[in-house]
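Worksheet: one structure, shown below.
The values are calculated or read from the model by the stated rules, or taken from the named source; none is laboratory data. The structure displayed is predicted, hence computed values, not measured ones. Glycine gets a Cβ as well: all are built from the backbone with ideal geometry, and neighbour counts include every protein chain shown.
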Amino acid sequence: MGIQSDDDVVLIRNGHKEGDPTVITVNCPDKTGLGCDVCRLILQFGLSITRGDFSTDGKWCYLVFWVVPRPHNRPIRWSSLKKRLLSVCPSCSSAASLYLPQDVPARPSEVYLLKLCSFDRRGLLHDVTEALCELELTIRKVKVSTTPDGSVMDLFFVTDTREQLHTEKRRAETCERLRSVLGGSMISCELELVDPEMGNCQQASSSCDFTSLFTEQTTYGNQNSDANVSVTIDNSLSPSHTVVQILCCDHKGLLYDVMRTLKDYNIQVCYGRFTSKDNSNCEGELFIVQADGKKIIDTEKQRALCSRLRTELLQPLQVKVVSRGPDTELLVANVVELGGRGRPLVFYDITLALKNLKICIFLAEIARHMIGNREWEVYRILLLDDGHGLFGVRNKIEEEVRKMLMGRD
């Protein structure tokens, strides 16, 4: 077998005419969870999967995704997406050792503290978040506060997907990009390397009882919505695979939610097909095996997998607006992958929805909480009352934030 070029591993072909989907092809050695990693990057770059085909023989995989940009999305950086996709693909030299159980852990990314001081204005936090996304900086944790004199101190703990923030050139590029976004309102911009524990989201900085807000009952679906999702398992359709059939309403990151769940269960997708119809409904069929290469025979395991998939398709995120005395707080929570990664672009979507509603943010933070037996990433946004009161628009805030997160107009 010859050495593959990058174009052989990842190929991105634009549509023949405006409005046609872009086709992304990944052809590389297989690994459990690769589909999840690829779908996560597609979601992170603001793309929606309208169709997906994937197959593997246990050693080599072939993935094809038809994607379109999401509404309200920034321009797609296709060259950066290709580089990121290449980074999650196993090297061709690893194909001969795919059956070995060990997996070399990735080196943890260095965490940097971005201290940004500026004068406040409506939509500022979203504009900064958008700039960081364009710079391919991942927000690990954020603490934003507004002072009485109208200035804002933003503390962002970030990692660099390019692994270049240790260079003066990359730091200068970051500060210059933020200065171009904020203009004369920016007072100062500093970047410094910190201990990874300082940027760790594992420990929450608040004693708020999130368990009472995001209980297992509310998290695991609204029973009245069960009719919108059908997940069935069949062992009679294939002699060597368990077949999972899914019918549901489409939402932003749907295929990522499916593949993330299967990755968390250490399940291998050998063949699958997903299709979105009229941007509202989605159907899929997955041929899967357990880590030992066998079907899922145990009925309890089947029931647990169907229940978990149904949950993730019904409510991959929780959104609530609550009162804190005279203040109004927006809470958004999403499940963290077993590998420790949160859902992409959640903070971006939250701040965009609030900017569109012309609602200012007084304070924001991201933290991790154990709710039930699962880890959740919780976004706390304290909303700034402009004097007209937020009580009458709380339902509107919750509705618009949820619509933005789920990609529903």
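Remarks
- Scanning the range 291-306 for residues that are in contact (Cβ under 8 Å) with a residue 24 or more places away in the chain and under 19 Å from Glu337 (Cβ atoms) returns Ala291, Leu305.
- Residue match in the range 318-330 (condition: hydrophobic (A, V, I, L, M, F, W, C), over 30 Å from Lys59 (Cα atoms), touching a Cys at 6+ places or on another chain (Cβ under 8 Å) and modelled with pLDDT under 95): no
- Any hit, the range 309-318, residues being β-branched (Val, Ile, Thr) and within 30 Å of Leu247 (Cα to Cα): yes
- Arg122 vs. criteria of a type in the set (Lys, Arg), over 23 Å from Lys82 (Cα atoms) and not in a helix (DSSP H, G or I): yes
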